Amino acid sequence: MRLLFTSLGSFGHTFPLVPLAVAARDAGHDVVFATSEDFLPQLTKAGLETAAAGLAIKDAFGRAFAEAGAAGPRRPPGEIPPEVLAPVVARVFGELMPQRFVADLLPLFSRFRPDLVVSESGNSGGAFAAMKAGIPVVAHGFGRVSSDDPMVTRIRDAIRAHGAELGIDVGEDLAFAGPFVDICPESVQDPGFLARTTRVPLRPVGWSEPGELPAGVLERSRPLVYLTLGTAMGHAGVLGAAIAGLSGLDVDVLVATGPTVDPAALGEVPANVRLEAWVPQSELLPHVDLVVHHGGSGTTLGAFGAGLPQLLLPQGADQFSNADAVLTAGVGSRLLAAEVTADAVASAARDLLTDTAVADATRRLAAEVAAMPTPPEVAARLPTFA
């Protein structure tokens, strides 16, 4: 069977599909993964055959901000006025990238002739292209579905308008009435989404670029706190406040600064803090005691599976919805905007490391994740969707 996987080119949108793509390849299927050219090297490291399609997200944002006459791409989302950011985000995800994916994928379909397309749920252009070509399509989620976020609603409206131009009726959750491979545990998934979607559960198996764990992770005598603001919305001020708070505890702190924060901007850090530009997160999480992070879907779900308490410092996008889910599940805490001070971070982290009720909740959620079908099990079902 010929399978084409496609996603927006980003860590949070591409990596969640890799385990299923690899499992399908290992099962003997002919697999090609299509995404923006800047992310193809990541997929090559996973041993997948690749094809270039779509715009790089940074290029799409650059174009949209230029069209809007606003200088915003280099500023943290929280510093861009909502009236400027909202229409730009809607144009990027609802128009620019879908249009480019449709244009690039249709010729690729003619050459590769897939029997089934697995399209990441944020990449409506992948689903549109498959439907235009008459190819069955399965949506693949990247985290919890947010039904009531105003920004998400605006993006969906733009996608529906684009679909209408193509003669395609878009469903409520952009699943296009087909199966939706869902890597979010049912207990923390949006209830409305669960009620109206043909859901195919898939265990969220983390994938990260292969690499060695930082020195000292495996040999330590006190709790290890992992601090990150992800790959897209890093903020030196927020990281600095979190480092100041965590460093005063009897813990070791490992900070992944990511590509958007210059470690030099953080200055000299205490002896129990280690800065790394990048870490193999999926390999690191089993050795961590607490995750302090932005609330990105990959980190949130990874912590669910590893049974870890979480302190979320959401910055934008779906991170606020993920923070709500963490609070509801009883597996963590949240600090918003001005609440992120050294004292507040220290207090919340101290509580999370010692709260037995939180520990019990994290174990229950980890058990739920462990009971979800594995990538090989879901890969075995893919031919039934064609």
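Tabulated data for the structure shown
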{"read-out": "Residues of the stretch 193-226 satisfying the condition of being among the β-branched types (Val, Ile, Thr) and in a loop (DSSP other than H, G, I, E, B)", "value": "Thr197, Val205, Val217"}
{"read-out": "Residue list for the stretch 274-287, restricted to those being surrounded by 20 or more Cβ atoms within 10 Å (Cβ to Cβ) and of a type in the set (A, V, I, L, M)", "value": "Val279, Leu284, Leu285"}
{"read-out": "Candidate set: the stretch 210-247, residues that are closer than 28 Å to His140 by Cα and among the hydrophobic types (A, V, I, L, M, F, W, C); chosen: the one surrounded by the most Cβ atoms within 10 Å (Cβ to Cβ)", "value": "Leu229"}
{"read-out": "Entirely in the stretch 87-191, the strands (runs of 3 or more DSSP E) that have 3 or more residues that are in contact with a helix residue (DSSP H, G or I) (Cβ under 6 Å, 6 or more places away or on another chain)", "value": "116-120, 137-140"}
{"read-out": "Cβ-Cβ under 8 Å pairs, at least 6 apart or on other chains, the stretch 273-290 side outside the structural domain of Ala241 (by TED's automatic domain parsing), far side part of a helix (DSSP H, G or I)", "value": "none"}
{"read-out": "Residue in the stretch 64-71 that is in contact (Cβ under 8 Å) with a residue 60 or more places away in the chain and either surrounded by 14 or more Cβ atoms within 10 Å (Cβ to Cβ) or in contact with a helix residue (DSSP H, G or I) (Cβ under 7 Å, 6 or more places away or on another chain) (or both) present", "value": "no"}
{"read-out": "Only one of Val269, Val326, Val291 that is modelled with pLDDT of 90 or more, hydrophobic (A, V, I, L, M, F, W, C) and over 17 Å from Pro204 (Cβ atoms)", "value": "Val269"}
{"read-out": "Test result for Ser187, within 24 Å of Leu335 (Cβ to Cβ), touching a Pro at 6+ places or on another chain (Cβ under 8 Å) and small (Gly, Ala, Ser)", "value": "no"}
{"read-out": "Hey, Thr299 hydroxyl-bearing (Ser, Thr, Tyr), under 30 Å from Ala370 (Cβ atoms) and surrounded by 16 or more Cβ atoms within 10 Å (Cβ to Cβ) or not", "value": "yes"}
{"read-out": "Single residue of Leu308, Leu382, Leu365, Leu313 found to be outside the structural domain of Val137 (by TED's automatic domain parsing) and either over 19 Å from the mean Cα position of the chain (by Cα) or among the hydroxyl-bearing types (Ser, Thr, Tyr) (or both)", "value": "Leu382"}
{"read-out": "Of all residues in the stretch 9-45 being modelled with pLDDT under 95 and in a loop (DSSP other than H, G, I, E, B), the one that is surrounded by the fewest Cβ atoms within 10 Å (Cβ to Cβ)", "value": "Ser10"}
{"read-out": "Search result, residues across the stretch 325-365 that are charged (D, E, K, R) and either buried (at least 17 other Cβ atoms within 10 Å of the Cβ) or within 22 Å of Leu224 (Cβ to Cβ) (or both)", "value": "Arg334, Asp343, Arg350, Asp351, Asp355, Asp360, Arg363"}
{"read-out": "Test: residue in the stretch 344-354 that is assigned by TED's automatic domain parsing to the domain that holds Leu311, touching a residue at least 40 places away in the same chain (Cβ under 8 Å) and in contact with an Asp or Glu (Cβ under 7 Å, 6 or more places away or on another chain)", "value": "yes"}
{"read-out": "Failed criterion for Trp207 (all others in (1) under 20 Å from His294 (Cβ atoms); (2) surrounded by 13 or more Cβ atoms within 10 Å (Cβ to Cβ); (3) without any contact (Cβ under 8 Å) to a residue 60 or more places away in the chain hold)", "value": "(3)"}
{"read-out": "Hey, Ala66 modelled with pLDDT under 95, aliphatic (A, V, I, L, M), in the same structural domain as Cys184 (by TED's automatic domain parsing) and assigned to a helix (DSSP H, G or I) or not", "value": "yes"}
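The values are calculated or read from the model by the stated rules, or taken from the named source; none is laboratory data. What you see is a predicted model, and the numbers here were worked out from it, not measured in a lab. So basically every Cβ, Gly included, is an ideal-geometry build from the backbone, and we count neighbours across all protein chains shown.
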